[in-house]
Amino acid sequence: MATERAVRDLVRDLERGAVSRREFVGRATALGLGLSTIGLILTACGKEKGSGQATTADLGPIEKELNIYNWSDYIAEDTIPNFEKEFGVKVTYDTYESNEEMVGKLQAGASGYDIVVPSNYIVPVMTATNLAAELNKKYLTNLGNLAPTFVNPVFDPENKHAIPYQWGTTGFAYRTDKVPAPGDSWAIFLDQKYAGKMTQMDDMRDVIGSWLRYRGHSLNSVDPAELAGAKADALAAKKNLKAYISAPVKGQLISGDVWVAQLWNGDTEQAKAEQPAIGYVLPKEGCTIWTDSLVIPASAPHKRAAHEFINYVLRPEVGAAISNFTGYGSPNQAALAQMKRPVPYPTAEEFQRLEYQKDLGTANELWDRIWTEIKSA
Ligand code: N2P
């Protein structure tokens, strides 16, 4: 008679690919399992592991609800209504302004979300702490539409947990009519001439990162001396800032209350659509490039609907409509032909000024402390 324990261990080994299906059948038979039981287990465990396939268990019928938690202004107006109509799913849509806000919520136990949209450096954190569900590729039939650069990205080899959604850069936007010669340096935020008319983002990684690059360091630095320098520069700039504010600064740029704002390229494009006197600068010292991905939290209550949504976004016309609204680059290669102004992925030369953020590991604490000190100063 098979002990329960031995069977459980064997099934686990099968699930993680430690034994092949053929080995499984031999050992399960030796443990006394009947063929129909073995068949059921094999069906539940899906296809052979180790072939780059993620989990393949059946997710059942599509649920009637889907809860999406996304960055603000990061989707086309008709993306959700069209999905609801076609799939018969009611979508609840919430927004956030930073990765830390979103992850903080998940870490605190928020469990209703079916889709979240972390930046590259957050994905490994989510997978390491079991916050991200493994994707079931059999539901993602449009995966082939992804551009090669976004297939098997370093932050998620094999796209096991994350399907790239949009990519962009973090530079600064400015009013061309108020600031005719903005230069091309982060130093603009140190210029008293524009005191009270400038903002930096409400984002630890982007603010400290900009001052690290300003002094020629990596924006992923964990060197205490480099970080102390970045803090000093950030504090000097803070004297000229109206606020730390991210996407919602667009209204103030449009109205002219703000003339220079650290901002992402796509949100700048959105503001420009309403106020043409807006330009965008990628500072010569360098700045962030990021990829945000669709991820299904491990705790998602509507996983089948979440997969259908991801697959829907991977359609060329849906991906194109999203980027046409957001102004960001699309990782959906099939969508590019349908985009009004596709943002070309940076060349190797342009990459010399761009850097992907990485998780800071144990240095997160030091960064957090410095950011708190900057904000409360
Ligand atoms: C949303 C833009 C978010 C991109 N407005 C940040 N990674």
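Every number here is computed from the coordinates shown, using simple stated rules; none is lab data. All of these numbers come straight from a predicted model, not from anything done at the bench. Methodologically, a virtual Cβ is constructed for each residue, glycine included, from the backbone with ideal geometry; neighbour enumeration extends over all protein chains shown.
Can you put Thr56, Thr199, Thr129 in order of Cβ neighbours within 10 angstrom, beginning with the fewest? The partial results should precede the final answer.
Details: Thr56 18, Thr199 26, Thr129 12.
Sorted ascending by nearby Cβ count, the order is Thr129, Thr56, Thr199.
Quote the Stokes-Einstein diffusion coefficient, in whole µm² s⁻¹, for the chain, based on the Kirkwood radius over alpha carbon pairs, a temperature of 4 °C and a viscosity of 1.567 mPa s.
57
What does the C-alpha gyration tensor say about the overall shape of segment 189-314? Classify as rounded when a/c is under 1.5, otherwise prolate if a/b is larger than b/c, or oblate.
oblate
Using Stokes-Einstein with the Kirkwood hydrodynamic radius over Cα pairs, what translational diffusion coefficient do you get for segment 245-288 at 25 °C and a viscosity of 0.890 mPa s, in µm²/s rounded to a whole number?
Approximately 229 µm²/s, per Stokes-Einstein.
May I ask for the distance between the Cα centers of segment 301-331 and segment 152-197, given as a whole number of Å?
The two parts, judged by their Cα centres, are 23 Å apart.
Taking the alpha-carbon distance from Lys160 and a cut-off under 18 Å, which aspartates and glutamates remain once sequence neighbours fewer than 8 residues away in the same chain are dropped?
Cα-Cα hits under 18 Å: Glu15, Glu48, Asp58, Asp114, Glu134, Asp292, Glu308.
For Thr347 and Lys284 in the same chain, what is the full-extension length gain: residue separation times 0.36 nm, less their Cα-Cα distance, in nm?
21.1 nm
Check cross-link reach from Lys340 to the lysines: straight Cα distance under 20 Å, and skip same-chain residues fewer than eight apart.
Within the straight-line limit of under 20 Å, Lys340 reaches these lysines: Lys272.
For Leu143 and Glu317, calculate 0.36 nm times their separation in residues minus their Cα-Cα distance, and state this gained length in nm to one decimal.
Gain on stretching Leu143 to Glu317: 61.2 nm.
Take Met204, Met339, Met102 and order them by how many other Cβ atoms sit within 10 Å, fewest up front.
Met339, Met204, Met102
Mind giving me the nanometre distance, one decimal, between the label points for Ala363 and Glu86, set 7 Å out from Cα along Cα→Cβ?
Label-label distance for Ala363 and Glu86, simple model: 4.3 nm.
Within a Cβ distance under 15 Å of Asp94, other residues only, what is the Lys/Arg minus Asp/Glu net charge?
-3
What net charge do the residues around Asp114 carry, taking every other residue with its C-beta under 9 Å from that of Asp114, with Lys and Arg at +1 and Asp and Glu at -1?
Cβ neighbours under 9 Å give a net charge of -1.
When a/c reaches 1.5 or more, the comparison of a/b and b/c decides; with that in mind, is segment 131-226 rounded, prolate or oblate per its Cα gyration tensor?
Verdict is prolate for segment 131-226.
Pop a pseudo-label 7 angstrom from the Cα along the beta-carbon direction at both Ser299 and Glu373 and give the gap in nm to one decimal.
Taking the simple label geometry, Ser299 and Glu373 are separated by 3.3 nm.
Give the cross-link partners of Lys239 among the aspartates and glutamates, using a straight C-alpha distance below 15 Å as the criterion and excluding same-chain residues fewer than 8 apart.
Filter leaves Asp191, Glu373.
So, how do all the Cα-to-Cα distances of segment 272-323 break down into 5 Å bins, in percent, from 0 on up?
Histogramming segment 272-323 at 5 Å steps yields 4, 13, 14, 14, 15, 15, 10, 10, 5, 0 percent.
Given the options Val11, Val207, Val116, state which has the largest fluctuation in a GNM of the chain using a 10 Å cut-off (strictly under) for Cα springs.
Val11
Sum -39500 (n - 2.57) across every DSSP H segment of at least 4 residues in the chain, then divide by the residue count to get the 222 nm mean residue ellipticity, nearest 500.
-10500 deg cm²/dmol
Among residues other than Asn159 whose Cβ falls under 13 Å from its Cβ, what is the net charge (Lys/Arg +1, Asp/Glu -1)? Please report the intermediate quantities before stating the final value.
On the way: positive: Lys137, Lys160; negative: Glu134, Asp156, Glu158.
Cβ neighbours under 13 Å give a net charge of -1.
Multiply the residue separation of Glu158 and Ala30 by 0.36 nm, subtract the distance between their alpha-carbon atoms, and state the gained length in nm to one decimal.
Stretched fully, the Glu158-Ala30 segment lengthens by 42.6 nm.
Consider a paramagnetic label point 7 Å from the Cα of Ala232 along Cα→Cβ; state which residues of segment 194-216 have an amide N under 14 Å from it.
Inside the label zone: 212, 215-216.
In a Debye calculation with equal point scatterers on the alpha-carbon sites of segment 224-377 and no solvent, what is log10 I(q)/I(0) at q = 0.09, 0.12, 0.20 Å⁻¹?
After summing over all Cα pairs, the log10 values are -0.42, -0.75, -1.34.
Which residues' amide hydrogens lie under 5 Å from the amide hydrogen of Asp202, considering only partners 5 or more residues apart or on another chain, with H built in the peptide plane?
Placed amide hydrogens put Ile245, Ser246 under 5 Å from Asp202.
Computed FRET efficiency, Cβ-Cβ of Glu77 and Asp9, R0 45 Å: what is it to the nearest 0.05?
In this case the efficiency is close to 0.30.
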